[in-house]
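Attaching a single structure in structure tokens format; questions to follow.
The values are calculated or read from the model by the stated rules, or taken from the named source; none is laboratory data. Because the structure is predicted, anything quoted here is derived from the model rather than measured. We place every Cβ from the backbone using ideal geometry, glycine too, and count neighbours over all the protein chains shown.
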Amino acid sequence: MEGPALHRSIPRTMLNATIDLRFGRKKIHLHRVTGNLSPRGVYLPAKGLKVSAPVRIKFAFAKPLEVEGVVRFVRPDGIGVEFTGLSQQAHHRLDDLIAWLVPREILAS
């Protein structure tokens, strides 16, 4: 995907970040991965998870952000995670992050 998905009903942007993904007793460390981020979820290049698996995602930003989610779909190159139980603070942080990323993505396209 090139540039932000502004034509969608829910805006999405590309994310390039270090992420820790926990599911059950396992942890996957994704260093500087590129994913697709929206206020409702994220697409990540991760493997070994099944649909409906609960996950905890920690985005390693200057001020780390941790969210819970559930795997909604699995593809050969990654997984789609829907955020669940977002606190109002986490929801605002995601909105702020997307608002910060989108202009930079447009400039880079």
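Can you tell me which residues in the range 58-78 are at pLDDT 95 or above and crowded, with 19+ Cβ neighbours inside 10 Å?
GLY69, VAL71 - these are the residues of the range 58-78 that are at pLDDT 95 or above and crowded, with 19+ Cβ neighbours inside 10 Å.
I want to confirm something. Restricting to the range 24-57 and keeping residues that are in a loop (DSSP other than H, G, I, E, B) and surrounded by 12 or more Cβ atoms within 10 Å (Cβ to Cβ), which single residue is modelled with the highest pLDDT?
Applying the filter and picking the extreme gives ALA53.
Considering only the range 70-83, I want to know if a residue exists there that is assigned to a loop (DSSP other than H, G, I, E, B), out of contact with any Leu (no Cβ under 7 Å at 6 or more places or on another chain) and among the aliphatic types (A, V, I, L, M).
no
Every residue in the range 72-83 that is touching a residue at least 24 places away in the same chain (Cβ under 8 Å) and over 11 Å from the mean Cα position of the chain (by Cα), please.
Result: ARG72, VAL74, ASP77, GLY78.
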